[in-house]
Every structure is written in structure tokens, then in C-alpha cells.
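The values are calculated or read from the model by the stated rules, or taken from the named source; none is laboratory data. Keep in mind that what you see is a predicted model, and the values were worked out from it rather than measured. Cβ placement follows ideal geometry from the backbone for every residue including glycine, while neighbour counts extend to all protein chains displayed.
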Amino acid sequence: MSDYRKNSLSLIGAVGLGTGVMISAGIFALLGQVAELGGSWFPLIFIAGGIVTGFSAYSYVKMSNEFPSAGGIGMFLVKAYGKGTLTASAALLMAFSMVINQSLVARTFGTYTLQLFEIDNSSFLVPLLGIGLLTFAFLVNISGNEFIQTFTSIVSLLKIAGLAVFAIGGLWVAGFSFSPATTGGNAPDTTITTIVASVALTILSFKGFTTITNSGSEIVNPKKNVGRAIVISILISLVVYLLLAWAVSTNLSLDRIIEAKDYALAEAARPAFGDLGLWFTVIIAIIATISGIIASVFAVSRMLAMLTNMKLIPHKHFGMPGRIQKHTLVYTIVFAMVLTIFFDLSRIASMGAILYLVMDMIVHWGVYKHLRNKVNANSGIVISALILDAIVLGAFLWVKIANDLLVVVVSVVFIILIFIGENWFLKNAAPEEEGADHHH
């Protein structure tokens, strides 16, 4: 636990951490996917995502106030459900949703980098570049915490400033028009279901606020500042997302946004700024992917190491030397590489959304059922968060069952296997764990 220093993060530092993780490479890949499901007014979908995220954040804020812990979500689940199958499985869902996001970031890196050379995004170079980025993230993560913090802080500032410049510049070129994207007649029809489903993808853009809860014990005056940092981070991210979405919407038709959905921001830079704008956007995307993936890999490996130390997940050294976190770092990178090779951006984002929303609902239910009095939570807000998650997840699953059944089947089977595997592991490990607890 020597990595955690009490009162080492100010309110501004916590906001910087939250926005640095939130305003990451995911937005580069997700804008086009949100437009595909949400239609011409897709920028407004980010407002809906921000509202749902705001309700969700309430549970995490209340938990952080009562249990400020570097254990983050894993610790919250233990407080709600104890050290059982549900806790371990939900924590793994969170960890895997973060690893899935890493593969999303890795492929985004490959897709945007190739725009500089006008190479098609279906090229084998996309996963190859993604694997290169994951390898780089691994090397940075084994170089030490101080370097990671300094590197990600500087790069996050550059990234957010660059995106703001791009968004405002794009709107300026379009005369600050906030009209809906024009349609050329080939865009898919949108329904209430597809619009609600698109909210699931915007939630992925905001879920980085959980990084702040993971740093609860390190933030100055956590009972006051964790909640403030989360709210401020979500609002800053929402403003940046809205500006970016409107900039894309005013410079490209809906058909073109959907056609170029994996690199919509780069495509929007062409009519607005020409080749110079394209280079600028791609460089910002590369910076965002590098910083986002380094921070994410560090967070996941730390969370998995904590779950391992709590004897909630199995661990095997495979002959590797060093601490457990180094081992979980290797597992994280390898799993992200496999996803980067075998899944495209749409499917990676879909899996991440499904796993995250299921985990989020488990957290809300735990707060409502077991902890609402202890953490002084408003039952109405917690239940509203649960219902909103359920509506968004239901609509998203309905749309994906119709359009891409494979990703739903893979996600559901994956979730079932996690629960079965954890149940088997904990049953077999129970006698040893009881002995360890008793000794402790």
C-alpha cells in the first residue's frame, strides 16, 4: 500500500485525474457510433449520457464519503455484499470492462494513425499498431509510479487543450451553427429504442469518473472533495463532448459521419481545416490514446492485484518474478491484445458498455439493499440510477440482438462464465481463506 499517500491529491488534482481518464481516446471512436444509433441530433445524446452518469455517480459519491479507500469499487462491493461470488464477479466485470476499453483505445490509435497515410482502416496494420501501443504501455507501467503520474498529467493537459481547440475551431469554421447534421438519405432510421441505446455508448465516455473514487483515501478532505471532483469532472467532460459532437455534426453529413465512424473526428477536420487540421487531429488522437491506455493499464493491474490479495480471484505466477501487480499487468496487456486482434471497434465498445452497465447496476442494488442507511443515501436517487441503467441496457441489448447478435451472445456467455468460475473458485478456496482470516 506504499503507493497510496493520504492527502496527496488536491481537489484540482482529483478533477485533473478524472477528466484525464474520461476525456480519452474513447470519444474518438464513439462519436460515429453514437451518431449511427442516435441520428441527426446525436450531440444531445451526450447530455442524456451525462444525466444518467450523474445519477450513477451519486452511489459512488456516498460510498466514497463513508469508505474513502484506494480499493475503490472492489472495496465498495465488499462492504455491500461481503467477500462472495457477487462481489468478486462484479469487480471482475469492472476490471474487464476497463481492459475492453484498452483494446478500444488501442484500435483507435491504429485507425487514426493510418489516416495520415490514407490507408484503409480495415488493414491488418490497425491491430498491429494497437499491439505496439499496448506493448509501450506495458513498458511505461513497469518503469515506476512517479514517471506514470508525471507523464499522464502533462499529456492529459495537452490532450484536453487540443480537443477544445479543435472543437471551437470546427464550430468557428461552420459559423457556430448548432443545427442537426444533414442526411443524404442513406443514414439508418432512428427510433426511440435506438436513441436510448446510443446513451449506453455515451456512458462509456463518462465512466472514467470511477478513477476518482479509487483515489478516495488520497484526496484532501475526501468526504467533501470526492463528490465535488466527480461532479466537476463530469461537467467539464460534458462540455468538451458537446463541443466536439457539434463540430463534427456541422462539418459532415450524417451519412459521412456513419461511413467514417471509426475516425469521424479526423474526417471532420478535412473540410474544416484541410490537411493541417487532419494532422493536428490525428496527433491529438495519438496523444489521447497513449495517455489513456497507460493510466487505464495501471488502474486495472492495481485493482486486480487488490482482488488477488483479498483472495477473491485466482492467481498463477507462471514462473514470473516480482510482485503480484506486475503479474496482473501482464495478464491485462495480453487480454487487451487478444481483443485488439479479434474484435472491431463497434463490438469492443458494445462489450464494454454491456459489462459496465451490469456492474453498475450491481453496485446500485448493493447500496440500496444493504448500505443506504449507513451511507445516508437517498433511496429515490439510487433506485432511479438503477432503473435508468436497466432501461439503457435493455434498449442497447434489443438493438444489438437485431443487428449484431454475436456480440450479445459473447458478452452474456462471458458474464455467466465469470460468475460460474468465481463461484467454483471461492467454494474451493473457502477453507483456506477462513483459516487465513482466523489467523489474521
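Listed here are the residues, each with its yes/no results for (1) at pLDDT 85 or above; (2) in contact with a helix residue (DSSP H, G or I) (Cβ under 9 Å, 6 or more places away or on another chain).
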site	(1), (2)
PHE124	yes, no
ILE131	yes, yes
PHE138	yes, yes
GLY144	no, no
THR150	no, no
SER156	no, yes
ILE160	no, yes
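Give ALA395, ALA402 a once-over and let me know the one that is under 12 Å from THR193 (Cβ atoms), more than 21 Å from the chain's Cα centre (by Cα) and assigned to a helix (DSSP H, G or I).
ALA402
Here THR135 meets each of (1) surrounded by fewer than 19 Cβ atoms within 10 Å (Cβ to Cβ); (2) over 30 Å from VAL358 (Cα atoms) with one exception, condition (2).
What do you reckon, is LEU276 touching a residue at least 40 places away in the same chain (Cβ under 8 Å), in a helix (DSSP H, G or I) and surrounded by fewer than 24 Cβ atoms within 10 Å (Cβ to Cβ)?
Against the criterion (touching a residue at least 40 places away in the same chain (Cβ under 8 Å), in a helix (DSSP H, G or I) and surrounded by fewer than 24 Cβ atoms within 10 Å (Cβ to Cβ)), LEU276 does not qualify.
Residue count for segment 28-42 under the criterion of being surrounded by fewer than 24 Cβ atoms within 10 Å (Cβ to Cβ) and aliphatic (A, V, I, L, M): the result is 0. Within this structure, LEU417 passes the test of being part of a helix (DSSP H, G or I), within 14 Å of LEU86 (Cα to Cα), without any contact (Cβ under 8 Å) to a residue 24 or more places away in the chain and of a type in the set (A, V, I, L, M).
Taken as a whole, segment 209-230 holds at least one residue that is over 14 Å from the mean Cα position of the chain (by Cα), at pLDDT below 90 and more than 20 Å from MET75 (Cα to Cα).
Annotation: LEU44 fulfils all but one of (1) within 14 Å of the chain's Cα centre (by Cα); (2) more than 25 Å from VAL382 (Cβ to Cβ); (3) part of a helix (DSSP H, G or I); the unmet one is (1).
For the residues THR193, THR202, THR289, the requirement of being surrounded by fewer than 23 Cβ atoms within 10 Å (Cβ to Cβ) and either part of a helix (DSSP H, G or I) or within 18 Å of the chain's Cα centre (by Cα) (or both) singles out THR193.
Out of everything in segment 231-254 that is among the polar types (S, T, N, Q) and in contact with a helix residue (DSSP H, G or I) (Cβ under 7 Å, 6 or more places away or on another chain), what residue ends up being modelled with the lowest pLDDT? Of everything passing the filter in segment 231-254, ASN251 is modelled with the lowest pLDDT. Here the condition is being β-branched (Val, Ile, Thr), closer than 30 Å to SER179 by Cβ, part of a helix (DSSP H, G or I) and within 22 Å of the chain's Cα centre (by Cα); of VAL240, VAL300, VAL334, it holds for VAL240 alone.
ALA353 meets the conditions (1) over 28 Å from SER249 (Cβ atoms); (2) at pLDDT 80 or above; (3) within 15 Å of the chain's Cα centre (by Cα); (4) not polar (S, T, N, Q) in every case but one. The failed one is (1).
If you go through segment 255-265 and pick out every residue that is part of a helix (DSSP H, G or I) and touching a helix residue (DSSP H, G or I) at 6+ places or on another chain (Cβ under 6 Å), you end up with 7.
In segment 394-413, the residues that are within 16 Å of LEU201 (Cβ to Cβ) and at pLDDT below 95 form no Cβ pair under 6 Å with any partner that is of a type in the set (Phe, Trp, Tyr) and part of a helix (DSSP H, G or I), whether six or more places apart or across chains. Looking at segment 72-91, can you tell me whether even one residue there is within 16 Å of the chain's Cα centre (by Cα) and at pLDDT 90 or above? Yes: segment 72-91 contains one or more residues that are within 16 Å of the chain's Cα centre (by Cα) and at pLDDT 90 or above.
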